[in-house]
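Q: Once you've had a glance at the structure underneath, I'll fire off some questions.
The values are calculated or read from the model by the stated rules, or taken from the named source; none is laboratory data. Owing to the predicted nature of the structure, the values given are computational and were not obtained by experimental measurement. Here the Cβ positions follow ideal geometry from the backbone for every residue, glycine too, while neighbour counts run over all protein chains shown.
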Amino acid sequence: MRGVRNIGRRYQKIVREVADILEDRLKLEENITAFNELAAGDEEIKKLGFEEQRMYINYLNELDNDLLEIILDNLGRDKCRNVVFEVTAGVGGSEAMIFAADLFAMYQRYFDRLGYSQESIEINAEAGVGGIRYASVLVSGERVFEILRHEGGVHRVQRIPSTEKNGRIHTSTAAVAVLPQLTDIEITIKDNDLKIETKKATGAGGQHVNTTDSAVRITHIPTGIVVEAQTDRSQIRNRKIAMMKLRAKIYEQQLSEQKAETGSMRKKQKGLSMRNEKIRTYNYSQDRITDHRIADGTLHNLKGFMATGERLEELQGKLQRQLQLKILQEAIERWK
């Protein structure tokens, strides 16, 4: 219940902020309307009040911007606190494995920077190369999926490998997958979603069999799941047993759905790890990082980017804002 109350307080605060801005906006619109009516037949008043009207309009624009910021800041939020973070070497042979190791080390430093805890799950290193074929780690922290989800996809590197003798630039890839960890599933069953029937118990069981309506059959209408219980002489007890069975079956169904969704997410993010599937390019010869999903996604100082993660945080902020704008645009389209 504490979590529910916290969520309630957060949304109450948002509603109050929006209500205050809308109230101020309404007053400003009333002032502008009153001024326009007053100045409609008097050029002198119109000239004298020009600066005041412009002040009203500027303030109105500021309120609109504040309102948009509040709405955007609360779109695309995700409270998931645990993700499995995977890095897999793609095309490019040994250089791809070296890049995967560099990428994984960068992310581990970044997790530390964000204050996230990390627990190694699996590391498949390539002996003699200094790279990895695959690595996965459980990362935990506040809004971890919301922040890291933008990293899922194919990362491309363009550089001269340490193993290259002729100084040629190679292009290799590594795939990153960010998978929300399966959390405790909360089963909520509404009374009006249930069809409850009683009947006489059948089979062995003594004198009560076929004499009282103690057996219970429950149908969960949204899922179509049906359970029965008749092991006890008490209808109340059988109903409790049936509800326990129903909860277990709904849990199993939701767990299977989550596993299927996680598998689909991994496949979508990793793709075929081909060079043309890249979401971001790390170009060492030009000292440049380019995220191909946003217009202003080019940064410089690649060495610093890989070392500290400070600029990665900046890049993710841009990606998050783009996601929020996309959600808002889709919502506006639905409202039309």
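Q: Checking the conditions here, which among R149, R143 is surrounded by fewer than 18 Cβ atoms within 10 Å (Cβ to Cβ) and among the basic types (K, R)?
A: One residue alone meets the criteria, R143.
Q: Is it the case that some residue within region 210-223 is modelled with pLDDT under 85, surrounded by fewer than 18 Cβ atoms within 10 Å (Cβ to Cβ) and under 30 Å from T281 (Cα atoms)?
A: Checked against the condition, which is being modelled with pLDDT under 85, surrounded by fewer than 18 Cβ atoms within 10 Å (Cβ to Cβ) and under 30 Å from T281 (Cα atoms), region 210-223 yields no hits at all.
Q: Taking the residues in region 125-136 that are modelled with pLDDT under 90 and part of a strand (DSSP E or B) as candidates, determine which candidate is surrounded by the fewest Cβ atoms within 10 Å (Cβ to Cβ).
A: Of everything passing the filter in region 125-136, A125 is surrounded by the fewest Cβ atoms within 10 Å (Cβ to Cβ).
Q: Right, here's the next one. In this structure, is V154 within 26 Å of G297 (Cβ to Cβ), in contact (Cβ under 8 Å) with a residue 60 or more places away in the chain, of a type in the set (A, V, I, L, M, F, W, C) and in a strand (DSSP E or B)?
A: So V154 passes the test.
Q: Can you say whether S172 is in contact (Cβ under 8 Å) with a residue 40 or more places away in the chain and either over 22 Å from the mean Cα position of the chain (by Cα) or surrounded by 22 or more Cβ atoms within 10 Å (Cβ to Cβ) (or both), as far as the supplied structure shows?
A: Taking the combined requirement at face value, the residue satisfies it.
Q: Being more than 29 Å from N283 (Cβ to Cβ) and at pLDDT 90 or above, is that true of even one residue in region 108-118?
A: Yes.
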